[in-house]
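Take a look at the structure below.
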Amino acid sequence: MKRLKSLLLPGFMLLCILTATYGCYAPKLGQQALALNIKTNVTTIYGEQEIDGFGSGVFVSPDLAATNSHVAERATQIDANDDEGNRYSFDRIVWMDPEKDLALIRLKKGYQALQYAKVIKKPEQPRDLRQTEILLYGNTGGIAKSLFQYLVRITNVDDKFPIRFNQNLPLIMSLIMFDHAASNGASGGPLFIKSNNELVGINQGSIPSMNTAIAIPAWFLVEPLAKSGAGMKLKDAFNPHNLDEDLIEPQTSHKFCLEPGQAKPFPFPVTDEIYSLAYKVVPDQPGRYSVELVQNDFFIQNTFSNKMYYGKAVETFALLKGAYTLYITTSKYYTGKSCFEVSFGRAAWEKRFNGK
């Protein structure tokens, strides 16, 4: 259902004016929190396919919502609904920071948020948030929206003790940990301070063995919100074709030489539910060689891609969790030894649209 500015209630508009310094303070948390339904392109043995996913989000301006970058990345379509049954559609991504696992997405023209959250500013002493009562809205298992009440356990803002969420993400220096493991689908969901309804964090994930969940402090959104531009259409932002090599964020690099007809394997794991792999292969001389990407499924190897090249190769794939191997194989018709440099890691899509 499309919502226009003319539908906003006068009392709500007055409340916005009274709190203009900090953004629009809204008491109806259920209209701020969103259940996100997402279509994402992934690569399978059958080629590129679109799969359905889900997550959570929260309005932080009349036309912007915040969520996790791992929720928004590779999305081609994002639809949402709030707890009042209002429906929304997003078609642009404005900003994404994989290190903080945060993203801002923009509504399609004609849609308007009825309420949006007041984002907390960074406290002078973030540790004072410990024992604060918080409310978490989440899209529980993609089935229904749920409201949970927790206590903040830990706030970590010390560069000397960084945390790594998983091996595919860099170290992050600031987080909020609270006293329960949130369910699947709550990624990107808002954490509100119960006493004043301020948005204090964005839910990121959980550590079930510790009965603990992790959230990213919402104050990281203040600067990108102030600088937000038009962004880029989702299908353009995450278009895997014609990938510029400067979008590759290599996590490993190898130099090696091969005899004619020889192959070199590079095994690697994918621990995320969906991971944007990007690789670059640079030969020292023109000549025919192949790059094959396979998934190792126990005793079976499923080939995702097997392409022939004569020069530099630059590719990206969205892979599901599993074990993979990248093979570089020279043609048996090569004359003499050939040397290569291969680097692979994640596709840094945010370089396409951040700041635009």
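The values are calculated or read from the model by the stated rules, or taken from the named source; none is laboratory data. Source: prediction; values computed, not measured. Quick reminder, even Gly has a Cβ in these numbers, built from the backbone with ideal geometry, and neighbours come from all protein chains shown.
Among the numbered conditions (1) assigned by TED's automatic domain parsing to the domain that holds PRO98; (2) not in a strand (DSSP E or B), the only one that ILE216 does not meet is (2). Residues satisfying the criterion are absent from segment 192-207 (criterion: hydrophobic (A, V, I, L, M, F, W, C), part of a loop (DSSP other than H, G, I, E, B) and within 22 Å of GLN77 (Cα to Cα)). Among residues of segment 318-347 being buried (at least 17 other Cβ atoms within 10 Å of the Cβ) and among the small types (Gly, Ala, Ser), the one that is modelled with the lowest pLDDT is ALA318. For ASN68, are the conditions met, namely being more than 16 Å from the chain's Cα centre (by Cα), modelled with pLDDT of 90 or more, in the same structural domain as PHE148 (by TED's automatic domain parsing) and on the phi < 0 side of the Ramachandran plot? No: the conditions fail for ASN68. Considering segment 255-274 alone, what residues qualify as being surrounded by 15 or more Cβ atoms within 10 Å (Cβ to Cβ) and aliphatic (A, V, I, L, M)? Across segment 255-274, the qualifying residues are LEU258, VAL270, ILE274.
Every listed requirement among (1) more than 17 Å from LEU191 (Cα to Cα); (2) modelled with pLDDT of 90 or more is met by GLN49 save one, (2). Annotation note: Cβ proximity below 6 Å between a residue of segment 70-91 that is more than 20 Å from ALA278 (Cβ to Cβ) and in contact (Cβ under 8 Å) with a residue 60 or more places away in the chain and a residue that is in a loop (DSSP other than H, G, I, E, B) and among the charged types (D, E, K, R) (sequence gap 6+ or interchain) occurs for ASP91/LYS108.
GLY55 fulfils the conditions (1) more than 14 Å from the chain's Cα centre (by Cα); (2) buried (at least 19 other Cβ atoms within 10 Å of the Cβ) except for a single criterion, (1). If PHE54 passes every condition in (1) touching a Gly at 6+ places or on another chain (Cβ under 7 Å); (2) without any contact (Cβ under 8 Å) to a residue 24 or more places away in the chain but one, which one does it miss? For PHE54, the exception is condition (2).
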